[in-house]
Amino acid sequence: MDISIVIVSYNGREHLRRCLQSLAAHPPAVEREVIVVDNDSRDGSAPMVASEFPDVRLLRMPRNLGFAAGANRGAREAKGEAIVLLNPDSEVEADPFAPMLAYLREHDDTGVVAPRLLNPDGSLQLSCRSFPTFSVALFNRYSLLTRLFPRNRYSRQYLLSDWHHDSISDVDWVSGACLMVRHSLFEEIGLLDEGYFMYIEDVDLCQRVHRAGYNVVYLPQTSVIHHIGRSSRTLPSRSIVARHRSMWHYYKKYLRRNRVVDVAVAGGITARCGYLLLANRLRAALR
């Protein structure tokens with residue numbers, strides 16, 4: 001088996017259907033298997049896969065394990081030389097996987113390769129970045145400062161927005177919406193860190209790939225459409241909490257300094273989480 005495509009799904013039936021239809025319509029020029037890990041969806045996702053896509057391996061989880069744990073369940077079942085992590089809110093319009101696998105085979109120093117991600121309207125989605133530092137708290141993709149001053153140095157450094165994203169490049173990390181990793185590398189460095197329920201597990205994986213001495217490569221010659229954020233809209237409040245827990249988990253692993261800084265960071269993450277939860281509830285009440 002050349003590649004195993006692992007898709008973790010939770011209550012996203014229609015997006016998952018379109019994703020699987022696109023994979024069926026554009027089979028890669030390599031031998032593949034598709035594994036869907038259903039995290040106890042309540043919207044009929046699992047029966048839909050079983051009835052409409054009999055060639056897909058369906059793993060039904062007894063509860064929502066989160067993305068990292070679900071992806072690991074699929075990876076443990078995978079038989080491919082390389083494993084593709086693919087979001088259910090993604091679609092392919094051609095075969096992106098054969099070029100990605102060819103690149104891995106031709107570059108022994110590369111552990112992860114990822115395609116260019118496009119928005120549904122065909123515009124570029126910034127999907128590779130620098131590793132987060134303390135400045136990312138103020139200059140991340142969604143921050144007010146980035147929106148007000150998109151050309152500021154810190155946002156540009158983190159988002160790599162000074163670069164046209166049209167050439168092959170070694171980068172710090174790539175989005176887990178679609179990435180390909182050597183199966184043997186998972187065996188070497190371990191699977192995804194299940195301390196992340198959702199979010200930032202892709203950053204963590206790329207950190208460990210780099211620390212093991214391998215490159216993470218952005219390959220814009222091939223592309224995937226990504227309906228960004230659709231997978232997390234089914235449980236917005238839980239998604240907000242999960243994102244901030246992941247921030248704290250990543251900070252403890254890679255950025256921890258001392259107790260004073262720890263307290264400040266924990267307070268900032270908690271305050272941000274509380275603000276977003278309150279804003280989310282207010283928006284829901286006004287609908």
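Since every read-out is calculated from the coordinates, none of them should be taken as a lab result. It should be emphasised that the depicted structure is a prediction, and the values quoted were computed from it without experimental measurement. Positions of Cβ are backbone-derived with ideal geometry, glycine not excepted, and every protein chain shown enters the neighbour counts.
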Quiz prompt | For the stretch 160-168, Karplus couplings with θ = phi - 60° (6.51, -1.76, 1.60), whole Hz, Gly/Pro x | solution = 6, 7, 7, 10, 6, 6, 10, 9, 4
Practice problem: Over the stretch 1-107, consider all pairs of different Cα atoms and compute the Kirkwood hydrodynamic radius from their mean reciprocal separation; express it in Å, one decimal. | Solution: 13.8 Å
Quiz item: What length, rounded to one decimal in nm, is gained on full extension from ARG151 through to ASP95, with 0.36 nm per residue of separation minus their alpha-carbon distance?
Solution: 16.7 nm
Exercise. Kindly state, to the nearest 0.05, the FRET efficiency for PHE131 paired with ALA102, given R0 = 35 Å and r defined as their beta-carbon distance.
Key: 0.80
Quiz prompt | Point-to-point label distance, ILE168-ALA279, nm (Cα→Cβ direction, 7 Å offset) | solution = 4.0 nm
Quiz item: Between ARG272 and ASP109, what is the FRET efficiency for a Förster distance of 51 Å, r being their Cβ-Cβ separation, to the nearest 0.05?
Solution: 0.85
Quiz item: Taking a quarter of the surface of the convex hull around the Cα atoms of the chain, what do you get in nm²?
Solution: 15.4 nm²
Quiz item: Over the chain, what is the mean sequence separation of C-alpha contacts under 8 Å (at least six apart), divided by residue count, expressed as relative contact order in percent?
Solution: 21 percent
Quiz item: Given the Cα-Cα distance of SER237 and LYS79 and 0.36 nm per residue of separation, how much length would full extension add, in nm?
Solution: 53.3 nm
Quiz prompt | Which of VAL49, VAL260 has the fewest Cβ neighbours within 10 Å, and the rest in rising order | solution = VAL260, VAL49
Self-check item: Contour minus Cα-Cα distance for ASN140 and GLU188 (0.36 nm per residue)
Solution: 14.1 nm
Quiz item: Where in the chain are the helices, taken as whole DSSP H runs, whose Cα atoms extend 20 angstrom or more along the long axis and whose Kyte-Doolittle mean reaches at least -0.5?
Solution: 259-286
Self-check item: Paramagnetic reach from ASP262 (point 7 Å along Cα→Cβ, amide N under 20 Å) across the stretch 185-199
Solution: 195-196
